[in-house]
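Below is one structure, written out as structure tokens; the observations come after it.
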Amino acid sequence: MPTQARAGVSKKVLKACNRCRSMKVRCSGSQPCNRCTRSNEQCVFAVEEKRVAISERYLRELERRSNFGDHGIVTPGSEQAHVSGVQGGRARARAAASTPGPVRPLASRLTTPHDYANHESVADRPTDDAAQTSSSSGSPFRQNPLVDYDLTFAKAAGRYWYMGPSSSWSFCRRIFALIQQRIPEANCPPDPWNLDGSAFDMHWVPIARNERPDVTNIPPLDYALFLFNTAKFYLGGHFMCLIDESSYMKNLHEFYKDPASKASDCRHWFAQYLLILAFGKAFSSTCKCPSGPPGHQYALRAMRLLPGMAGLPPDTTLAVQVLALAAVYLQSVDMRVGALQYIGQALRTCIVEGWHRHMPADAVGDQHSRLCNNTFWVVYILERELSALFGSPNSIRDEDITAKLPSELDNSANASEMDLHIRLSGLRAEIMNTVYGAGAELQGSLVVNTHAILRGLAKLLGDMNTLLLTRQPVSVNKASRTALRLILGHHHCVVLSTRPTVMCALYIRLDRRQTQTSHAVSLSPAVTSLIQTCVDSAQATLRTLRVLSDEDLLVNIVAEGFLPFQIEDAFSSAFILHLIRFIDSTLISDDAWSENANIAFDRMISKGSMVAPLRLQELRQLERTLSSLSTDLDSTSPMEKTVGHGLLPVSNVLPHETTIDDAGWNFFVRDCLGVLSPREMMDLADQLEMDGAGPMLFEPTL
């Protein structure tokens, strides 16, 4: 009920008339109110409706949908289409509330049914206060445009494909579709798509339990040992936890004494053996093979021996290890669906066996406890990484894991490096849950979520510096495969977490192209710094890959390039830099990154990589498309960066200059860790925290 004003008492009322509300002044609450009576104006109160309390996160969800509609992210349509979108969001929220999700803070992980009942009450008509809040914070940088909008599903090859929000493959498809949608007159060439299995496709039929595996065309023992050592060298680091070397060598010698019997009795070991042969051939080959990657015949035979879905094999540890190796191989030949399914099966088997829990040595034995612990953490790291590459949610929450970290069982440098990989994997999951999170209970400011991720990355970067630059001697492991993957993985997380901000800026740039706007759009310092951080990490990634290629620091960069991770690093970095150059070329100080990317891809292609040509084709098409659009946009001013009310000089946000001449191993000490120190990254996170509540886009004065 309206609250009557009492003389001499200033009291907030629960209801105000329309005139006082529009003037944003205090209303007496009487009808007619005192102000309208004095002005002799008609006093009208809005029809009284039931008010309910809603969570701030749900309010942000309403703002997100409103903002997306205003900026063309949702295809314009009828009111019914909008209502369906809101109802779809509620359905996703209910599913998220009832299903164990990936790791995220406990407070944001649980939402009560009562909250959702309140959401239902205001879904179609938010309260006046909520509407006012929404109108005051309608920045295009508030929400991630890659999550749940009209390009979430796309049709190709006669079926619909899910565009995972964090997938680089999906991001490429979204960009091509967005340009075609916004600027149809650009006559962009058709999307090459490069669907799953386009690089190389394998089909197999599992071998029945009573069928003997094929043991023909097996290399001699000495060559098998050479391929094992080659695979061991290039897989390296924590991947070698997927192979128990002493057990493998024992089985290997037994196999060559009686191949048929050993293959029948130890089918999963035989599958592991075949996969190691396939990896060894792929790593050691220096020529192209038109029929597929060298050694793929061994991999195909191994796939037929993989564990089935029903029941548990007697040798569970070996079964999990071979499933993980199969996932890495399939991802390496761009069969992403199969890779995700097999690593998911490996992780679920770990959970069934209880390896995600601490296994006391006095209960199961020290050797078995360590073997299961190491295997679980490698599967955990791979599942996090492959899920992010696919755009899929993670399969286990960190809150449910009590397994001891490697450093708690072993005080070696390798165990410390493994700890850092585990922490990086946890940050990947946090990126998926916050920056790329879906559902009302997960919605919030994009800048705030990115701020939290950058804080975690800054802390991790400091610990990486401590381990790689102080704890280990100069001659040991600064350029090791484990350290290299850790450093490039850190840069990839920076690019992944800042990619939505770049996408928001791209929408603005394309909107200017549509509306023929000639004035500049000024970005806030927070957004400018965020995009600049993305530029820095992407350039550092490409510089690193260029040096590895030029200096031959990995003996053969192409062998390392068979694995999917460096191709992904090169592609995602070059792709985002092309977009940023189109958005605002002043954010990139030098174009050496383009040459660095070309050299890295050319080296991989020249030695037979089957995936690199597809990624390079997509980069070439993006470059041609953006170049044609840039010609039309040359008459307009680039986006401006502002600090306070003035322009921020470009020199203040550019990364420091680096040279790759005579880099050698010292490159890792000087430049591989990136251009931002942990303190600088933390300062950026603080700036985002301070600026996150303010406008992300400054409208210029005309």
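Since every read-out is calculated from the coordinates, none of them should be taken as a lab result. Note that this is a predicted model, so its numbers are computed, not measured. Backbone-built Cβ (ideal geometry, glycine too); neighbour counts: all protein chains shown.
Judged by the mean number of other Cβ atoms found within 10 Å, the most tightly packed of the peptides 339-351, 177-189, 366-378 leads the ranking 339-351, 366-378, 177-189.
About the centre of its Cα atoms, segment 344-459 shows a dipole size close to 260 debye [charges on the beta carbon of Lys, Arg (+1) and Asp, Glu (-1) only; nearest 20 debye].
Relative contact order, whole percent, for segment 221-403 stands at 19, derived from Cα pairs under 8 Å and 6 or more residues apart.
Stretched out straight at 0.36 nm per residue, the stretch from Lys404 to Ser630 would grow longer than its current Cα-Cα span by 76.1 nm. For the pair Leu312 and Thr515, label points projected 7 Å from Cα toward Cβ lie 6.1 nm apart.
Net length available on complete extension from Phe233 to Thr466 is 81.4 nm, with 0.36 nm assigned per residue and the Cα-Cα distance removed.
Potential lengthening of the chain between Met202 and Glu41 amounts to 50.2 nm, from the contour at 0.36 nm per residue minus the alpha-carbon distance. Distance between the pseudo-spin-label points of Ala186 and Ser261 (7 Å out from Cα toward the beta carbon): 6.7 nm.
A simple packing score, the average count of other Cβ atoms within 10 Å per residue, orders the peptides 191-197, 531-537 as 531-537, 191-197, with the highest score first. Taking the average, over residues, of other Cβ atoms within 10 Å as the packing measure, peptides 423-434, 493-504, 353-364 rank 493-504, 423-434, 353-364 from highest down.
Once backbone amide H atoms are built at 1.01 Å from N, Trp161 has Ala154, Lys155, Ala156 as its partners under 5 Å, excluding neighbours fewer than 5 places away on the same chain. Placing +1 on the Cβ of every Lys and Arg and -1 on the Cβ of every Asp and Glu, with nothing else charged, gives segment 221-403 a dipole about its Cα centre of roughly 580 debye.
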